[in-house]
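K.L.:
Sharing a structure here in structure tokens format.
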Amino acid sequence: RISGVVYNGVDTASFPFNPEPGSYCVYLGDFRPDKGPLESIRAARSAGIPIRLAGPESEYFHQMIKPELDGFNVEYVGEVDHAGKVALLGDALAMLFPVSGLEACPLVLLESMACGTPVLAIESGPVREIVTQGVGGIYVGELASLEEQLKHIDKLDRSAVRRLAVDRFDVSRMVDDYLRI
């Protein structure tokens, strides 16, 4: 018997809100085909928006991603610690999440929204439950729609993105939900 669902929580206070959208989008995660880093690059490039990539290097990174890097429009910033993650996400226009694999509750979605940075994602796994459409970001059904939506993501209210993260995904909410159940 299921008594309820408790989403992962993040310490939203450790992800300062940035009300101003940046001029780049970000991919943050592992470099694997199912995570969509190459699709993120292609969507950003097609939309004419620079992208910054962060995460640990892998064989896939060296084979598929490194040849795409130009240091300006497609930039690899390496692995980032918490401060680096906060700066990267907080200063971004949007965080791209074109994941095709299944993930239970990707923390990077919560962390991005905690900074006020909307998520642009493929509708897979828990994305629909986590990213309230038009509030926390935008999710689409197919990769081809990413670039078009990227051109409009700056219309979202970053303070509403932040409120969604604090109200639904702050660690205190997670604890309260566990205690309630």
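K.L.:
Kindly provide the set of residues from the range 120-167 that are touching a Phe, Trp or Tyr at 6+ places or on another chain (Cβ under 7 Å) and not hydrophobic (A, V, I, L, M, F, W, C), ordered by number.
P.N.:
Glu123, Arg128, Gln133, Arg162 - these are the residues of the range 120-167 that are touching a Phe, Trp or Tyr at 6+ places or on another chain (Cβ under 7 Å) and not hydrophobic (A, V, I, L, M, F, W, C).
K.L.:
Only strands (runs of 3 or more DSSP E) wholly contained in the range 71-177 count here; list those with 2 or more residues that are in contact (Cβ under 8 Å) with a residue 24 or more places away in the chain and of a type outside the set (A, V, I, L, M).
P.N.:
Once the strands (runs of 3 or more DSSP E) in the range 71-177 are filtered for at least 2 residues that are in contact (Cβ under 8 Å) with a residue 24 or more places away in the chain and of a type outside the set (A, V, I, L, M), what remains is 74-78.
K.L.:
Could you list, in sequence order, the residues of the range 100-150 that are modelled with pLDDT of 95 or more, buried (at least 20 other Cβ atoms within 10 Å of the Cβ) and out of contact with any strand residue (DSSP E or B) (no Cβ under 7 Å at 6 or more places or on another chain)?
P.N.:
Listed by number, the residues that qualify are Cys115, Gly116.
K.L.:
Please enumerate the residues belonging to the range 21-37 that are open to solvent by less than 10 Å² (accessible area, probe 1.4 Å) and part of a loop (DSSP other than H, G, I, E, B).
P.N.:
Within the range 21-37, Phe31, Gly36 qualify.
K.L.:
Here is a follow-up. Is it the case, given these coordinates, that Asp170 is surrounded by fewer than 20 Cβ atoms within 10 Å (Cβ to Cβ) and touching a helix residue (DSSP H, G or I) at 6+ places or on another chain (Cβ under 7 Å)? I'd like the intermediate steps shown before the answer.
P.N.:
Numbers: surrounded by fewer than 20 Cβ atoms within 10 Å (Cβ to Cβ): yes; touching a helix residue (DSSP H, G or I) at 6+ places or on another chain (Cβ under 7 Å): yes.
Considered against the rule, which asks whether it is surrounded by fewer than 20 Cβ atoms within 10 Å (Cβ to Cβ) and touching a helix residue (DSSP H, G or I) at 6+ places or on another chain (Cβ under 7 Å), Asp170 comes out as yes.
K.L.:
To continue, here is another question. Give the residue that is modelled with the lowest pLDDT, with candidates limited to residues of the range 47-74 that are surrounded by fewer than 12 Cβ atoms within 10 Å (Cβ to Cβ) and farther than 13 Å from Leu28 by Cβ.
P.N.:
So the residue we want is Gly71.
K.L.:
Got a sec? Which of Ala160, Ala165 is under 22 Å from Ile49 (Cβ atoms), of a type outside the set (S, T, N, Q) and open to solvent by less than 80 Å² (accessible area, probe 1.4 Å)?
P.N.:
Just one listed residue meets the conditions, Ala160.
K.L.:
Report yes if Asp91 is under 13 Å from the mean Cα position of the chain (by Cα), open to solvent by 20 Å² or more (accessible area, probe 1.4 Å) and under 26 Å from Tyr7 (Cβ atoms), otherwise no.
P.N.:
So Asp91 passes the test.
The values are calculated or read from the model by the stated rules, or taken from the named source; none is laboratory data. Only a predicted model underlies this, so the values are computations on that prediction, with no experimental measurement involved. Neighbour counts are summed over all protein chains in view; Cβ atoms, including those assigned to glycine, are modelled from backbone coordinates with ideal geometry. The accessibility values were calculated without ligands, DNA or RNA, using every heavy atom of the protein model including side chains. Shrake-Rupley method; radii C 1.70, N 1.55, O 1.52, S 1.80 Å.
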